[in-house]
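First comes the structure, then the notes that go with it.
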Protein chains: 4
Amino acid sequence: MITSQTKLRVRYAETDKMGYVYYGDYAQYFEVGRVEALRELGWSYREMEESGIILPVLEFSVRYHKPAFYDDLITIKTQIKETPSTRIKFHHEIYNEKGKKLTTGIVTLVFINMKTGKPCGAPKDMVKAIAGN
Amino acid sequence: MITSQTKLRVRYAETDKMGYVYYGDYAQYFEVGRVEALRELGWSYREMEESGIILPVLEFSVRYHKPAFYDDLITIKTQIKETPSTRIKFHHEIYNEKGKKLTTGIVTLVFINMKTGKPCGAPKDMVKAIAGN
Amino acid sequence: MITSQTKLRVRYAETDKMGYVYYGDYAQYFEVGRVEALRELGWSYREMEESGIILPVLEFSVRYHKPAFYDDLITIKTQIKETPSTRIKFHHEIYNEKGKKLTTGIVTLVFINMKTGKPCGAPKDMVKAIAGN
Amino acid sequence: MITSQTKLRVRYAETDKMGYVYYGDYAQYFEVGRVEALRELGWSYREMEESGIILPVLEFSVRYHKPAFYDDLITIKTQIKETPSTRIKFHHEIYNEKGKKLTTGIVTLVFINMKTGKPCGAPKDMVKAIAGN
């Protein structure tokens, strides 16, 4: 199992008129979380795309416990709990500076071969890197 | 039960480098769907906020069946299947011009009294308007 | 000279914690304005891209006179005042429902041949369509 | 004169179907640049708002020299060249990892007293902090 943490600061653009981060913008935070989790494993999402594999999202669910506010320095905790097959599932939790859990999210993506447009397995090295941890 | 349909056109801004609509931008499409569903019932979300009730999102889940592409004229179908209490749940489906279902989403929001910061019931008139259909 | 008008409604996602539309989101409104102006002329931006011409933005300037607010039904007025060459310039004005001018913007884009990556002239038919008006 | 530099990584969400960062998303990058420039001076934009001053954007202009791409680690260079009065002007330049200048932008904001809704001067301490450099 892989666990990774990354921090980012809430932008003004991401707030809405309630003063909360807009519910749809957490998708971007989770994106940052999973890209950095893969980078820590030695995987560049950009290079994977350049090699002909894309990774569109299949399912996304999120539970909002508490709002995030402007300028909050949030921590995105990302976990991979299962060995990826044709799919890969990321478990995310977002915390504020006081350590309060704000959001829980799960994102499932599917490995697609760009040439064929069909699902393909996760790169073998990625499977090894994740299974080996 | 309430059913409402609204159309919108995919913006260039909403596409990503795969050429698909970015997975987080569907949150905005669902927002448009539920606001227009309430408007058809005679409810203005803006006026509800001005009267002191806000409606943050509690849960959000989405399943991506097929991608939406730039300039697609999509149809957002929105349903309210249950009488709202302290919460209201919207069921959304998005279709492209060929009638293919692209996305299925469920968004649950909670009625909050702005003064107290506590959950409050849905406005009685809204409950009646939805239950009466 | 071409003049076109299109309407759209401000999304909650586009507001910020001041309750105003975020200053960067006007870029999307202007995008909608120019795409619809071209569509009225019989031009599909999507088809132009499919034919191998892309149109990245070279310069963008905007002046904010008054804020747009959530749920405002705004009118985007778009003008092409000069015959396009390797570039095309759009003049935009945004008005609220009371007819107050909210924003003035100018966007200059450049026609690029996707294969060569070099600037190419505007499609001849587009030049004719604009010059002929 | 104040000069500040901050780095951020381009998100997938910020790319469009050309594979470039969408032209409107630079507004967010410039926002990050100016907030971090003020923070280096000891100023929190959030605290300024909490004290009753908001800072909406009056004018924004940007020139796109070269595109930024997905996963680029960009540097945002922000300068304040003039002592702020009722307005403050930020000069921004964005560079990629190879040191190529991608974008130049200028953003002018106006200090507004939230209670009166009228322009007010920049906080005296901010004027001193900037003039003193």
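For a quick check: with amide H placed at 1.01 Å from N, whose amide H comes under 5 Å from C:Leu58's, ignoring anything fewer than 5 positions away on the same chain?
Amide H neighbours of C:Leu58, under 5 Å, 5+ apart: C:Thr108, C:Leu109, C:Val110.
Residue by residue, what Karplus-based ³J(HN,Hα) values in Hz, rounded to whole numbers, does the stretch B:72-80 have, using 6.51, -1.76 and 1.60 with θ = phi - 60° and x for Gly and Pro?
Going residue by residue, I get 4, 9, 9, 10, 9, 9, 10, 10, 10 Hz, with x marking Gly and Pro.
Taking θ as phi - 60°, what are the ³J(HN,Hα) couplings along the stretch B:19-25 by the Karplus curve (6.51, -1.76, 1.60), each to the nearest whole Hz, with x for Gly and Pro?
Once θ is set to phi - 60°, the couplings for the stretch B:19-25 become x, 8, 5, 4, 4, x, 6 Hz.
Which trypsin sites (Lys or Arg not before Pro) from the stretch B:32-133 combine a DSSP loop assignment with at most 14 other Cβ atoms within 10 Å?
Sites meeting the loop and neighbour criteria: B:Lys81, B:Lys98, B:Lys100, B:Lys115.
Take chain D, connect every pair of alpha-carbon atoms lying under 10 Å apart with a spring to form a Gaussian network, then pick out the residue of D:Leu58, D:Leu102, D:Leu73 with the largest mean-square fluctuation.
D:Leu58
State, to one decimal in nm and shortest first, how far the label point of B:Ser44 sits from each corresponding label point in the other identical copies (label point: 7 angstrom along Cα-to-Cβ).
Ordered by distance, the counterparts are at 3.7, 3.8, 5.2 nm.
What are the ³J(HN,Hα) values, in whole Hz, obtained from phi via the Karplus relation 6.51 cos²θ - 1.76 cosθ + 1.60 with θ = phi - 60°, for each residue of the stretch C:57-71 in sequence order, with x given for Gly and Pro?
Once θ is set to phi - 60°, the couplings for the stretch C:57-71 become 7, 9, 9, 8, 9, 8, 10, 9, 7, 9, x, 9, 10, 3, 6 Hz.
Alpha carbon centre of the stretch C:88-133 versus the stretch A:1-59: separation in Å?
Distance between centres, Cα-based: 33 Å.
Give C:Lys66/D:Lys115; A:Lys101/D:Lys7; A:Lys17/C:Lys101; D:Lys77/D:Lys128 a once-over and call out the pairs whose C-alpha atoms are over 25 Å from each other.
Values: C:Lys66/D:Lys115 17 Å; A:Lys101/D:Lys7 27 Å; A:Lys17/C:Lys101 22 Å; D:Lys77/D:Lys128 22 Å.
In this structure, A:Lys101/D:Lys7 exceed 25 Å between Cα atoms.
Give me log10 I(q)/I(0) at q = 0.11, 0.17, 0.20 Å⁻¹ for the stretch A:1-104, Debye formula, one equal scatterer per alpha-carbon, no solvent.
So the normalised log intensities work out to -0.35, -0.81, -1.05.
To the nearest 20 debye, what charge dipole does chain A have about its Cα centre, counting +1 at the Cβ of each Lys and Arg and -1 at the Cβ of each Asp and Glu? Each step should come with its number before you reach the end.
On the way: 20 positive and 16 negative charges, 67 e Å.
Dipole of chain A, to the nearest 20 debye: 320 debye.
Within 10 Å of each Cβ in peptide C:70-76, how many partner chain Cβ atoms are there on average? Round it to a whole number, please. Please report the intermediate quantities before stating the final value.
Working: counts 6, 7, 1, 0, 0, 0, 0.
For peptide C:70-76, the averaged partner shielding equals 2.
Between A:Thr116 and C:Met114, how high is the FRET efficiency from 1/(1 + (r/R0)^6) when r is the Cβ-Cβ distance and R₀ = 25 Å? Nearest 0.05. Provide the component values of the computation, followed by the final result.
Values: r = 23 Å, r/R0 = 0.92.
Calculated transfer efficiency: 0.60.
Put a point 7 Å out from Cα along the line to Cβ at C:Arg9; what are the distances to that point in the other copies, in nm, shortest first?
Listed shortest first, these distances are 1.8, 3.6, 3.9 nm.
What nm distances, shortest first, do you get from the label point of B:Thr83 to those in the other copies when the point sits 7 angstrom along Cα to Cβ?
5.2, 6.8, 6.9
Treating only the Cβ atoms of Lys and Arg (+1) and Asp and Glu (-1) as charged, compute the dipole magnitude of the protein assembly as shown about its Cα centre; round to the nearest 20 debye.
Computed about the Cα centre, the dipole is about 0 debye.
Where the only charges are on Cβ atoms (+1 Lys, Arg; -1 Asp, Glu), what is the dipole of the stretch C:94-133 about its Cα centre, to the nearest 20 debye? Let's see the in-between values first.
Values: 7 positive and 2 negative charges, 11 e Å.
It works out to roughly 60 debye.
Could you compute the net charge surrounding D:Thr108? Neighbours are other residues with a C-beta less than 9 Å from the C-beta of D:Thr108; K and R count +1, D and E count -1.
Values: positive: D:Arg87, D:Lys89; negative: D:Glu59.
Taking every Cβ under 9 Å from that of D:Thr108, the sum is +1.
Less than 12 Å Cβ to Cβ from C:Glu59, Lys/Arg counted +1 and Asp/Glu -1: what total charge do the surrounding residues give?
Values: positive: C:Arg87, C:Lys89, D:Arg63; negative: none.
With Lys, Arg at +1 and Asp, Glu at -1, the net is +3.
Starting from the Cα gyration tensor of the protein assembly as shown, take the square roots of the eigenvalues, sort them a ≥ b ≥ c, and report rounded, prolate or oblate (rounded when a/c is under 1.5, otherwise prolate if a/b is larger than b/c, else oblate). Numbers along the way, then the final one.
Numbers: a/c = 1.12, a/b = 1.06, b/c = 1.06.
Rounded shape, in that the Cα axes give a/c under 1.5.
Ignoring the sites themselves, what is the longest stretch of chain D with no GluC sites (Glu not before Pro) in a DSSP loop and at most 13 other beta-carbon atoms within 10 Å? Spell out each step's value before the answer.
On the way: sites that count: D:Glu82, D:Glu97.
In chain D, the maximal stretch lacking such sites is D:1-81.
Once you list every other residue whose beta carbon is under 12 Å from the beta carbon of C:Val35, what net charge do they have if Lys and Arg are +1 and Asp and Glu are -1? Working shown, then result.
Details: positive: B:Arg9, B:Arg11, C:Arg34, C:Arg39, C:Arg46; negative: B:Asp71, C:Glu31, C:Glu36, C:Glu40, C:Glu47, C:Glu49.
Once all neighbours under 12 Å are counted, the net charge is -1.
Tell me, for the rotation carrying A onto B, which chain A residue has the beta-carbon closest to the axis and what that distance is in whole Å.
A:Ser61, 2
Just so you know, all these numbers are worked out from the coordinates, no wet-lab data involved. These numbers were taken from a predicted model, which means no experiment stands behind them. FYI the Cβ positions are ideal-geometry reconstructions off the backbone, even for glycines, and counts take in every protein chain you see.
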